Each structure stands twice: as C-alpha cells, then as structure tokens.
Amino acid sequence: MTAVPRGLAVPANGAPAARSSTASFRVKRDPLRTTLFFLIIISVSRIHQQFPALAVFRPAMSLALFALLYAFLKPQLLSGDKWFRLWPARVVIGMGIMACLSVLFGISMGRAGKFVIDDYSKTLIMCFLLMATIAGAKQLYLYIWAYVISSGLLVWMSLFVFGMSKAGANDIMRLSGGYKYDANDIGVVVLVGLGLSLLTLQTSRFWGKVTSLVILAGIGVTIAKTGSRGAFVGLIGEGAALLICLHSVPILKRVVFMAITAGALALAAPPGYWNQMGTIFSPKKDYNWDSYSGRRQLAKRGVGYMMMYPIFGIGVNNFPMAEGTLAEHAKNLRATDAGIKWSVAHNSYLEAGAEMGLPGGLLWIILVPGGVIALFRLSRNLPRSWLRGDPEERFLYQAAMYLPVSLAGFALSSFFVSFTYTDPIYVLAAYMVGIYIAIDRKKRESAGGPQAARAPVVQTMRRSVPVVSGIALAPPPPPAQSPRMDQS
C-alpha cells in the first residue's frame with residue numbers, strides 16, 4: 001500500500017490533507033523483484049569481484065537464471081502489460097536479433113557466439129525481466145534505487161579499494177584495478193548514477209536524501225579520480241540536460257544540484273587534471289589524432305569494417321579480431337614487424353554499427369539519443385497537477401524529468417567507451433519502458449478507477465487516443481469528473 005509521508009494528516013477518505021515535495025512511498029517486495037533488485041546491483045557495480053569466493057559462483061548469471069525460472073513458475077508476478085509493444089522494448093529486441101544474426105554472418109562465429117551466451121544473454125534476460133515486472137511507480141522506484149546503490153558501491157571501491165597509477169610517462173594519476181571496468185568505464189557508470197541520485201534526492205525521505213547527497217559528492221570525487229575526458233564531457237552534457245529538462249524545478253535549485261558534484265570534483269582533482277581536460281580543445285595535439293592506435297584512426301578503420309559488412313556486421317565482440325585480421329596494417333604485417341594491438345572500438349556508436357551492421361547502429365541511435373528526446377517530450381506532456389498530486393504522481397513527474405538527464409550523460413560519455421552490450425543502457429531501457437507503463441496506468445486509474453488501471457497497455461494502443469512519445473494514453477475524462485486531467 002502507498003505510505004503517506006510523515007507529518008501529513010490523513011482524513012477519513014484516506015487523502016492527505018497537504019502535499020509535500022517528497023514523493024516517497026513503501027514498495028511491496030516479492031522474491032522475483034527482490035532478485036532483480038540485487039541483480040542490478042551485482043551487474044552494475046561488479047561488487048562481487050571484490051570477493052573472490054563469491055565471484056566463483058557467477059552471481060550475475062545465477063541471479064538472472066533464477067529470476068527467469070521464478071518468473072516462469074510464477075507468471076502472476078509479471079505486470080501483465082504488453083511491455084514488448086513499447087518502442088524501447090522493440091529496439092532492445094531488435095538489437096538482440098541483430099546480435100544473434102551477427103554471430104552467423106560475422107568474421108568469427110565462435111568468438112561472437114561465446115560472448116552472446118556467456119555475457120550478452122544475461123544482460124538481455126535482466127532487461128526483459130525488469131520491463132516485464134514494472135507494474136507501476138513503486139516497482140520503478142525500487143529498481144532506480146538499485147542503480148543508485150550500485151553507484152554508491154562503485155564510488156566506495158573507487159575511493160577505498162581501487163588504486164591510482166599512471167598509464168604513461170606524461171599522464172596524470174588515474175584509477176586502476178577496477179576489475180572489468182577501466183577508469184573511463186567507471187566514469188560512464190557513475191554519470192548515469194548522477195541523474196538517478198538526483199531523482200532519489202528529490203523523492204526520498206530523510207535518510208534517502210542523506211544517502212543520495214553522499215553518493216552525489218562521491219560521484220564528483222570519482223569522476224576526478226578517473227581522469228577521463230569522456231566522463232568530463234558527459235558531465236558537462238548532463239549539466240546542460242539538467243538545466244533544460246528540469247523545466248519544473250527552480251533554476252537556482254538546478255544549479256545547486258550540479259554544484260554539489262562539480263565542487264567535489266574540483267576539490268578532488270589530482271595534479272594535472274585540468275591540463276588533461278584542456279587537451280579536449282586541442283584535439284590535433286593529442287595522440288588520438290594521428291597515432292595508429294588513436295581513436296581517430298580507429299574510427300576510420302571501424303567505418304571501413306562497417307562498409308565491408310553493412311547488413312549484419314562483423315559480429316558482436318569481433319572488433320578486436322577485425323583489428324588483427326581485416327585492417328590493412330594487419331594484412332601487410334611482416335614477421336619482423338612489431339605486433340599489432342587487437343583494440344576494442346572505444347566508441348559505443350561505432351561498435352554497434354561495425355559489429356551489428358548499419359541496422360544495429362541505427363537501433364543504437366534510436367535507443368540512446370532518441371531516448372533522450374522521447375523522455376523529454378514525455379515529461380513536457382505530463383499534467384503539471386501531478387507535481388502536487390499523490391506520491392505516485394509526484395514521483396512519476398520527477399522521474400520523467402530526471403531519466404533523460406541520466407540518459408544524456410550516457411549518450412555523450414558512451415561516445416568514448418565500448419558500452420554497446422553492457423548493463424547500464426539496458427537498465428535505462430527498462431526504466432523507459434517502466435515509466436511509460438506506470439504513467440499510462442496512472443492516467444487510466446484517474447480516468448476510470450482501479451479496474452481501468454489493471455487493463456493492459458495494449459488495449460489503449462488499439463484505440464484512437466492521444467500518444468505521448470510512442471505510448472498511447474487513455475483520453476482525459478470530462479472536466480466535471482477530474483479537473484486535474486484537463487491540464488494534460
């Protein structure tokens with residue numbers, strides 16, 4: 001049941017007598033959603049790798065398989081909405097199909113197939129189960145907190161577990177020893193957590209706010225320790241998105257939000273950090289411009305692989321093999337020459353297009369930059385009365401503003417890392433499906449009561465009703481029935 005925030009009197013009809021800016025409510029847990037909650041934490045933070053005895057059991061895959069089995073045995077725990085008909089779900093399904101086809105038509109079936117079975121399948125299982133189990137605002141709230149906690153754990157490991165080292169003679173000190181994450185990867189993961197932590201800061205009670213503030217400050221320190229220019233660019237982009245997307249939050253409050261993280265970054269920046277960031281404005285002086293292993297030359301070769309295999313791509317996880325076999329330098333390599341680096345793409349957009357062909361690259365663009373635009377449009381079309389509505393309405397209104405902020409940070413920073421098949425974007429895709437379902441249910445509940453709210457989303461999609469960012473919403477009721485909906 002929805003919990004009324006403390007300090008609010010509750011009349012006999014159950015409606016709060018006053019409204020608070022906090023949209024906190026209790027979330028009823030069940031074994032399936034609890035498993036998925038911990039699966040997000042394990043998959044995003046990689047905390048299990050800190051404990052070798054735990055890592056042996058492959059907890060991420062084990063939790064994913066357990067959740068899948070439990071959902072099969074207890075289908076009543078699923079939301080019942082036709083989540084797979086919503087556009088983010090269809091994009092992810094399309095990417096899964098293209099990944100499997102790339103295995104068959106790529107340059108190495110064994111390498112690509114092993115990656116799909118061992119890694120990508122777990123990510124897709126988690127994504128689809130998250131989509132299928134978000135029945136409303138409460139489940140979305142629970143899963144968003146899972147990512148925030150994941151960011152906090154990654155911040156803790158970055159500050160107290162991972163070391164600092166120099167990648168080269170002239171490089172600044174950067175995080176090292178991040179298990180499967182390098183310094184650039186950590187920057188991307190916590191940037192997503194930044195926007196979500198701002199959401200929980202706005203929508204939680206006292207201790208939730210304290211936890212969110214601590215994580216926000218820790219994210220700023222962690223970004224400084226990464227020494228990542230990609231994370232810095234993503235932070236600037238996320239700050240701009242925060243100023244644009246939070247259209248119902250006072251401008252001063254938005255500036256204060258960013259000042260918390262930016263201040264922590266400035267205080268924790270290691271020597272040489274700002275000189276390193278300054279090279280962003282002088283790209284031709286950086287090794288990435290002309291070096292064979294630099295990002296510019298790597299991108300040129302990646303486009304070439306895409307043109308060689310335009311339909312199905314070279315195969316997921318096959319970019320390094322293409323570097324060692326398809327590249328002109330690799331073909332002309334002599335026995336006396338130095339070896340060639342089998343490098344990853346270092347660009348998620350390039351990785352998607354090269355490894356899954358032009359269709360895969362297009363799907364990635366629709367999901368990531370397209371998702372920012374779609375969520376922004378969704379937030380602009382919500383009734384402003386929800387800002388002072390019940391806890392679920394207030395949370396959904398805030399979530400619709402903050403999710404595109406997180407996605408914008410990912411959209412920019414993923415341009416500098418290979419994150420096409422990693423967990424953060426698929427968790428964000430599940431959040432997108434979840435917020436569409438939750439908003440649709442809330443609108444139908446307001447229009448026709450609890451019975452209408454239980455109707456599957458697909459029923460409203462077949463009717464001639466208003467559409468907000470790819471999801472059909474129930475038409476507003478007559479003004480006499482619900483004046484609140486007149487503002488939608």
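Within region 160-213, list the trypsin sites (Lys or Arg not before Pro) lying in a DSSP loop whose Cβ has at most 10 other Cβ atoms in a 10 Å radius. Please list the in-between numbers first.
Details: sites: 166, 174, 180, 205, 209; in loops: 180, 205.
Sites meeting the loop and neighbour criteria: 180.
Surface listing: 58, 90, 254 arranged by accessible area from highest to lowest gives 90, 58, 254, probe 1.4 Å. Residue 321 contributes about 40 Å² of solvent-accessible surface, heavy atoms of the protein only, 1.4 Å probe.
With the Kirkwood sum run over all distinct C-alpha pairs, region 111-217 has a hydrodynamic radius of 16.0 Å. A 1.4 Å probe run over the protein chains yields, for region 235-353, 52 Å² of accessible area per residue, whole-number rounding. At the residue level, residue 182 shows approximately 70 square angstrom of accessible surface with a 1.4 angstrom probe and all protein chains present.
Among the chymotrypsin sites (Phe, Trp or Tyr not before Pro) found in region 18-116, those both in a DSSP coil and sparsely packed, with 15 or fewer other Cβ atoms within 10 Å of their Cβ, are 57. Calculated on C-alpha atoms, the gyration radius of region 362-425 divided by its Kirkwood radius gives an Rg/Rh of 1.08. Using the 1.4 Å probe convention, the accessible area of region 382-434 works out to 17 Å² per residue with neighbouring protein chains retained. Remark: spin-label model distance residue 342-residue 247 equals 5.0 nm, labels positioned 7 Å along the Cα→Cβ axis.
Per the Kirkwood formula on distinct C-alpha pairs, the Rh of region 198-335 is how many angstrom?
On the way: mean 1/r = 0.0540 Å⁻¹.
The Cα-based Kirkwood calculation yields 18.5 Å.
Mind jotting down the distance between the C-alpha centroids of region 233-280 and region 56-90, whole Å? Region 56-90 and region 233-280 have Cα centres spaced 36 Å from each other. Note on region 231-374: with neighbouring protein chains present and a 1.4 Å probe, carbon and sulfur make up 69 percent of its accessible heavy-atom surface.
Applying 0.36 nm per residue to the separation of residue 176 and residue 78 and subtracting their alpha-carbon distance, the gain on full extension is 31.2 nm. Each Lys or Arg adds one and each Asp or Glu takes one away; over the other residues whose Cβ falls under 14 Å from the Cβ of residue 289, this sums to +4.
Which of the residue pairs 122/166; 138/253; 28/442; 122/225 have a Cα-Cα distance greater than 24 Å in the structure shown?
On the way: 122/166 34 Å; 138/253 26 Å; 28/442 18 Å; 122/225 30 Å.
Cα-Cα > 24 Å for 122/166; 138/253; 122/225; rest within.
Note on residue 109: accessible area is roughly 110 Å² with a 1.4 Å probe, heavy atoms of protein only. Taking every C-alpha pair closer than 8 Å and separated by at least 6 residues, the mean separation divided by the residue count of region 202-268 gives a relative contact order of 52 percent. Ordering 307, 61 by accessible surface, largest first, gives 307, 61; the 1.4 Å probe counts only protein heavy atoms, with every chain in place. Expressed as a whole percent, the accessible area of region 57-147 that falls on carbon and sulfur atoms is 72 (1.4 Å probe).
Can you sort 405, 233 by solvent-accessible area, 1.4 Å probe, largest first? Before the final figure, lay out each step's value.
Values: 405 0, 233 40 Å².
Order by accessible area, largest first: 233, 405.
The values are calculated or read from the model by the stated rules, or taken from the named source; none is laboratory data. Not measured: the values here are computed from a predicted model. For neighbour counting, all protein chains shown are included, and Cβ atoms are generated from backbone atoms with ideal geometry for every residue, glycine included. Accessible surface is based on the protein model in full, side chains and every heavy atom, while ligands, DNA and RNA are left aside. Shrake-Rupley method; radii C 1.70, N 1.55, O 1.52, S 1.80 Å.
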